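First up is the structure itself, then whatever we jot down about it.
The values are calculated or read from the model by the stated rules, or taken from the named source; none is laboratory data. Keep in mind the model is a prediction, meaning the values are calculated, not measured. When we count neighbours, we look across all protein chains shown, and the Cβ atoms used for this are built from the backbone with ideal geometry, even at glycine.
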Amino acid sequence: MSTAICQSERDETVRRLAESLYSIAFFREGQKIVSEDVARDLAATIEKKAYAAAEVSSSTTTGERPKHEVVSLYSKKVGQLVVEAITQGASLPAASGAAGVQVSAAGEILDLSQGEREFYDAAGARAALAPLLTPHTNITSVCFSTKSFGAEAAAVAKEALHNARASLVDANLSDVIAGRPEAEALNTLAAMAEGLAECRLRSVNLSDNALGEKGIRRVADVFTKQEALEAITLENVGLSVYACRALDELVGPRAQSLKKIHLHNNMSGDEGAEAIGNLLSRAPHMQDFKMVYCRVGGAGGIALSKGLAAGSSLTHVDLHGNPMGPSMAPALASALSHQQDLRVLRLQDTLLEDEGVAHVCRSLARTAPYLEELDLSLNEITAGGSQAVAMCLMGKPSLLRLILRENELGDKGTAQVCRALKSNETLKVLDLSENQIRGPGAEDAAALVAGRAGFERLELDGNWIEDEVVAKVRAVLAAGASGDVLGSMDENDADMADDDEDADELAEGMAKMGV
């Protein structure tokens, strides 16, 4: 990119833009509504944004773009931003780098995440963070997401965060180092963490930053200097085994106040989960725990479950997307047995199978009376395993969402689930897609929800339901209070219904013959 557009060309672009903007403003309004300095500032901001956009687009997976393509991208972006500035009425704050900044009506929330991705320098950061830099600011919550801070901008951010130390309690610093070299990125994060050191934070979000163990340790001030931290969100941050251990080391001694931990799309594995489990064991007030798609297996699942058993305040548990298997289910069932306030349990795609689901559901049958959402999708639940699911559901009068897609319930399993839900009056969503349902199960599901005025969606796609039965289901729903709540049936395979019946007849005949 550096050879595509040189600095002298950039300077000339700013000069010409400033002249054009000044002239357009004069002739459009009939008077000099902006000064030459303001026009120059606006031109410089437009050029920086255009250059940053071209810089991001200059590289592809196959190498660098040709110079003429980069220059074309740069020119188009300049033109687009000029049109926006003219038609939307740009002002000096926006021209100085504060476009996309939103402050709540009460002046307590500063959100930079609106608008396009930007690469801040010191001037841009100072303009955007002006509400934080004012004396006696009352900002309580900040979101810097989608704005990339370099070294100079990070110094301004550190100053601004420190200035708001008396009021700031929620800090969302997700996605703030995009496109920065590792050393600069780590220094940026460290500077922001130092700025937050004297705040009394309730929550911190560092998602979508390439942290790893180095990053976790560079932001140590966010964890070690806080005495009342309640929520930590670290999604897509490269939370390796060593990073998990660092988090346990830094947060664990102060985990008494923690109520929420969200981890997503990390390569933590079983050993990383063991470190997080140790952290959970020191967080007895945990309410909302999420660790999804983190490559956690059976041993890690057991460690997490033992950690969750340290308290009895859980309302949300989300472990989906981890291949934990049935071996961890007894430990999880034990942890859930204490959770009377549990509202949401998401265990989809955890390979629990009938055995693991039975352990979990038997535990839920005796607790969690206010459960609102249960997701057991992609767990290979058969008609045999549906009995435990049904027993669990009979004691859940507040259930709103039941997601059982991509299992093997068949008609018999579906019938058991539907019978268990008859006494429930709150259900809004029932997902039975891809469950080898042929006909009777679909009719049972339709009969269950047809009389519910507030019901929102019935999913039966991906099954083996004959066209005649689908039509019957639609008619039943249309005649009931629920109305047309059946989801798409594009992936339903009506031909499989006949094939499966033939297979059943063949199996029955072979059984009679002793084969």
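Does region 106-118 contain any residue that is under 25 Å from SER20 (Cα atoms), under 29 Å from the mean Cα position of the chain (by Cα), modelled with pLDDT of 85 or more and of a type outside the set (Ser, Thr, Tyr)?
yes
GLN256: surrounded by fewer than 19 Cβ atoms within 10 Å (Cβ to Cβ) and either modelled with pLDDT under 95 or more than 17 Å from the chain's Cα centre (by Cα) (or both), yes or no?
So GLN256 passes the test.
Restricting region 105-142 to residues that are part of a strand (DSSP E or B) and free of Cβ contacts under 8 Å to residues at least 40 places away in the same chain, which is farthest from LEU196 (Cα to Cα)?
TYR120
Answer yes or no as to whether ALA442 is surrounded by fewer than 18 Cβ atoms within 10 Å (Cβ to Cβ) and either touching a strand residue (DSSP E or B) at 6+ places or on another chain (Cβ under 8 Å) or of a type in the set (A, V, I, L, M) (or both).
no
Sort out which residues of region 176-193 are touching a strand residue (DSSP E or B) at 6+ places or on another chain (Cβ under 8 Å), free of Cβ contacts under 8 Å to residues at least 60 places away in the same chain and assigned to a loop (DSSP other than H, G, I, E, B), and write them in order of number.
VAL176, ILE177, ARG180
For region 250-261, state whether one or more residues are under 21 Å from ASP111 (Cβ atoms), in a strand (DSSP E or B) and among the basic types (Lys, Arg).
Yes; the residues of region 250-261 include at least one that is under 21 Å from ASP111 (Cβ atoms), in a strand (DSSP E or B) and among the basic types (Lys, Arg).
Looking for something at pLDDT 95 or above and in contact with a Phe, Trp or Tyr (Cβ under 6 Å, 6 or more places away or on another chain) - is there at least one such residue anywhere in region 442-452?
yes
To keep it simple, each residue is scored yes or no on (1) under 27 Å from LEU399 (Cα atoms); (2) surrounded by 20 or more Cβ atoms within 10 Å (Cβ to Cβ).
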position: GLY462; (1), (2): yes, yes
position: GLU466; (1), (2): no, no
position: ALA471; (1), (2): no, no
position: ALA475; (1), (2): yes, no
position: ASP490; (1), (2): no, no
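Taking interchain pairs and intrachain pairs at least six residues apart, which have beta carbon atoms under 6 angstrom, with the first residue in region 208-235 and without any contact (Cβ under 8 Å) to a residue 40 or more places away in the chain and the second β-branched (Val, Ile, Thr) and in a helix (DSSP H, G or I)?
PHE223/VAL251
When VAL449 is evaluated against the numbered criteria (1) of a type in the set (Val, Ile, Thr); (2) surrounded by 18 or more Cβ atoms within 10 Å (Cβ to Cβ); (3) assigned to a loop (DSSP other than H, G, I, E, B), which criterion, by number, is the only one it fails?
Here VAL449 meets the rest and fails (3).
Can you name every residue in region 263-294 that is surrounded by 23 or more Cβ atoms within 10 Å (Cβ to Cβ), in a loop (DSSP other than H, G, I, E, B) and free of Cβ contacts under 8 Å to residues at least 40 places away in the same chain?
Matches in region 263-294: ASN266, SER268, ALA283, MET286.
For ILE46, state whether it is at pLDDT below 75, outside any loop (DSSP other than H, G, I, E, B) and touching a helix residue (DSSP H, G or I) at 6+ places or on another chain (Cβ under 7 Å).
Answer is no for this residue.
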